Amino acid sequence: METRRRRTAPGAAAASCTLLFALALPGIAFTPPPPRRHGGGGASCPPSSHVSTSSLSAGGEGGETEWVKALLEAGGDNTPGKFEEEMKMKGLLGPNRGKGNTKLSANARLISWLEEEGGVYLAESSTWGEAPHPLAISTETVDEITNESSGRGLLARRSINDGDELLKIPLDLCLTRKSARRELGKDALQEGINEYLAVACQLIHEKFVKGEDSFYAAYMGVLPEVDEVNPTFTWPDEDLAFLEGSPVVAATRSLQMKLRREYDDLLGGPDGLVAKFPLRFPAEHY
């Protein structure tokens, strides 16, 4: 059992790192699908005067879109304020948001961290001179085309108007090659190291070595576990055998060999980081 765990560790790091990149790389942002209406504009990225953040604003009028109507009608009561009240009762809004649900608690912790450390405005109620933020983080969303679960995502909690700022990414909070070399040492991670590998090393370090002591603990808390994503390159041979004859098997084998080469070149062997820097790269985690 121990041998199997060690063999799949590089794959697990890669799976987590891929998810991390989708959220943390500068300039990448996710927006809700555009309203199904004629006319309206698309999403746009207005110039920002703050060089350490990336922002994305909404285009089009928003408002009476089909899916917002369906959401409200599904509740059976279109009384003003009723939707917000139900959200509070479910723990998605209000001072008690997240209590009694681990995923909602993780959401609330992430929001607090972003507000305190990144200056990100995510308030659900208006403040002096600022309206409530139009989006809320949901622990579970559904793809409207395939009707399949698409994991954690963003939901509009009010009508989105043209020019509303939807997302702000504080670059100082992102995991990058620079942050990895700062955390793990420039003597260990050389300047020319692949950014994917550098971030994978820092991800493992922050989540498994530092744990709750990590500056990024709130962010690590919302990343899905490998079992939730279940990529085929982490499957044992006996499970992969059920897909024999499918092109997925060949693609999986190829990726497994690639990950193994990358692991051996960087971390494994007598000249790898695990052997040279055992305190920073403990074998039980790497």
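Quick notes on this structure:
- Screening residue 223 against (1) more than 30 Å from residue 102 (Cα to Cα); (2) not in a helix (DSSP H, G or I) leaves a single unmet condition, (1).
- A Cβ distance below 7 Å, combined with a sequence gap of six or more or placement on separate chains, defines the contacts here; from region 190-208, residues that are over 15 Å from residue 174 (Cβ atoms) reach residues that are aromatic (Phe, Trp, Tyr) in the pairs 204/286.
- Residues (touching a residue at least 40 places away in the same chain (Cβ under 8 Å) and open to solvent by less than 70 Å² (accessible area, probe 1.4 Å)) located in region 138-154: 138, 151, 153, 154
- Restricting 167, 189, 135 to those that are surrounded by 14 or more Cβ atoms within 10 Å (Cβ to Cβ), farther than 27 Å from residue 115 by Cβ and among the aliphatic types (A, V, I, L, M) reduces the list to 189.
- Flag for residue 273 being under 15 Å from residue 193 (Cβ atoms) and touching a Phe, Trp or Tyr at 6+ places or on another chain (Cβ under 8 Å): yes
- Qualifying residue in region 212-223 (condition: open to solvent by 20 Å² or more (accessible area, probe 1.4 Å), over 23 Å from residue 278 (Cα atoms) and not basic (Lys, Arg)): yes
- Among residues of region 258-286 that are part of a helix (DSSP H, G or I), those with a Cβ under 6 angstrom from a residue that is not hydrophobic (A, V, I, L, M, F, W, C), sequence gap 6+ or separate chain, pair up as 259/10; 259/11; 263/10; 274/286.
The values are calculated or read from the model by the stated rules, or taken from the named source; none is laboratory data. This is a predicted model, so every value here is computed, not measured. Here the Cβ is made from the backbone with ideal geometry for all residues, glycine too, and neighbour counts use every protein chain on show. When the accessible area is computed, the model is the full protein with side chains, heavy atoms only, and any ligands, DNA or RNA have been set aside. Shrake-Rupley method; radii C 1.70, N 1.55, O 1.52, S 1.80 Å.
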